[in-house]
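Please treat every number below as a calculation from the coordinates, not as lab data. What you see is a predicted model; the values in this text were computed from it and never measured. A quick note on method: Cβ atoms are made from the backbone with ideal geometry, for glycine too, and the neighbour counts reach across all protein chains shown.
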């Protein structure tokens, strides 16, 4: 992140010099005018806008330093600057006085002898003192006054001559370099402080720390919750008063850590670590970390459950499949009939059409519902790894094999279902082994000599044309015939556009709920835009788009324009392209009106043949008939 530095110049010439220096060095500083109290207001405004460091000079720098919470770097007034001003004052004649804040004129006494001039020095403490002291000095006989911006300004008012002590470019450059260094260090410290705070606030453990005097310095939110003591009440007080039963002060004194101690604090049973903090061999404090024992037990239970169930449970049922499309309903009915058997099922369909959703639904509707559901993507693993994952291996079967061997996925699926996704990407070698498992219902681990019987139902899925793969020689014909017993072909989303509104609404609601954000809804125009898209990624793409809409839109209603932009479409015309031609309609009116207009245009294109129109639209003839009514052949 770019450093932000401001410079408040008490007099115009300093501002001009600062701008010149920034131009010459290529620095991007905010340079503003403001002397003393006016300069303070400028600095406060800079701080409110996130400026990291302020540079100023003289009394203005002192005043700003007392008024803001960010570092202030003074432009140092050098002895040469003062000498130059006194030399100019000598040319004006008369008694000379030097009046200013200590950080401007300090050290002037030593210049008198060097220049052979007698000077009267008057130090200012506050802005309000300036006028009174300068007036008294003029009445006392001073004719020329050398000083800071405020001195030069007031001197003229009382008839004396004023000489401003000006800073040169060198002093400005030095101040800028120092400001950059201070800003960098401060930014780094703030980052570390935020990191430390985030660790404390979001740690699963309660954390309490004390200094070398036993005073509480850290008390995080988990400690507040578990101990029933607020951080505001604890920080700054002795640990013996806040938590007398912890014994943290004793750990600091002894210098010996105590790990894994189980103790009761009030009604809470905790396990804790108490460790001294040592710097350079000296004990400077101690830290106390602890967790609720019941929380540890719950986490352990959840971890074990997750490890046991991971990849071996089917979560979805047919009730999770959303559709109003007649073709899709027929597919679901077929899958439900297949669920009652143990025969192998082959599911085909484009990527994202929901092949695993159907596989899980079939499993959960079958007699094997209480058994494991093991899923593996055959395209995601290299051949050697896929073979060992499917069939397992014995100890020593290959370099790096696990001691004691490892059961394969077919063994893990015993009594349940194995889902082989993207089976069309399986190598010929593994196809041969898979065929034997399907035919013999037994597996042999790699490197083993024992045959293990398995009771597994196989559901396979592919986005490829397996018949063509057989003809091309990339898929075994005997395996294809063994898989091709019960088949399900899932239609792409573009062929069941009537499902898009309900799917989109479901995905929007689920995304908002999962992300913990206010619920949003799709406008009719937004739904129309979604329906018009071709969805090459099918339902998976629709779900991802809906999640992006839920996150990216701040208002409660998602409008049509936002959907067009997300889909990469700048025009508002819908084109439906079929193998035989293109139909174009303007998006006007409701979704049902747009769909009916599309149907009428397709009917006109095919001369009113409803059978051909239904084929082109990817819907049943009965659906077309209901929507447009009788009267056409």
Nitroxide proxy distance, nm - points 7 Å out along Cα→Cβ at residue 217 and residue 189
1.4 nm
Can you compute the radius of gyration and Dmax for the range 318-489, using only the Cα atoms, both in Å?
16.3, 55
If R₀ is 35 angstrom, what is the calculated FRET efficiency for the pair residue 196 and residue 296, using the beta carbon separation as r and rounding to 0.05?
0.90
Quick calc: nm separation of the 7 Å Cα→Cβ label points for residue 370 and residue 69 -> 6.3 nm
One-quarter of the Cα convex hull surface for the chain, in nm²?
48.7 nm²
Where only alpha carbons of the range 89-164 are counted, the Rg and the Dmax (Å):
11.3, 33
Report the Cα centroid-to-centroid distance between the range 481-498 and the range 203-256 in angstrom, as an integer.
63 Å
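Suppose R0 equals 25 Å; then what is the FRET efficiency for residue 513 and residue 567 from their Cβ-Cβ distance, rounded to the nearest 0.05?
On the way: r = 24 Å, r/R0 = 0.95.
The pair residue 513/residue 567 has a calculated efficiency of 0.55.
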Solvent-free Debye scattering, log10 I(q)/I(0), computed from the Cα coordinates of the range 485-540 at q = 0.28 Å⁻¹:
-1.13
The relative contact order of the chain, taking Cα pairs under 8 Å that sit 6 or more residues apart, comes to a percentage of 8 percent
What helix-only [θ] at 222 nm does the chain give? Using -39500 (n - 2.57) per DSSP H run of at least 4, over all residues, to the nearest 500, the answer is -14000 deg cm²/dmol
Can you tell me how the range 236-394 classifies by the Cα gyration tensor, rounded, prolate or oblate, using a/c under 1.5 as the rounded cut?
prolate
May I ask you to work out the translational diffusion coefficient for the range 203-295 at 20 °C, viscosity 1.002 mPa s, via Stokes-Einstein with Rh from the Kirkwood sum over Cα pairs, reported in whole µm²/s?
165 µm²/s
Rough spin-label spacing in nm, given labels placed 7 Å along Cα→Cβ, for residue 90 and residue 232
6.5 nm
Just the Cα atoms of the range 468-578, one point each, no solvent: what log10 I(q)/I(0) does Debye give at q = 0.19 Å⁻¹?
-0.91
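Rounded to the nearest 0.05, what FRET efficiency do residue 279 and residue 259 have when you use their Cβ-Cβ distance and R0 = 22 Å?
Details: r = 21 Å, r/R0 = 0.93.
Computed FRET efficiency for residue 279 and residue 259: 0.60.
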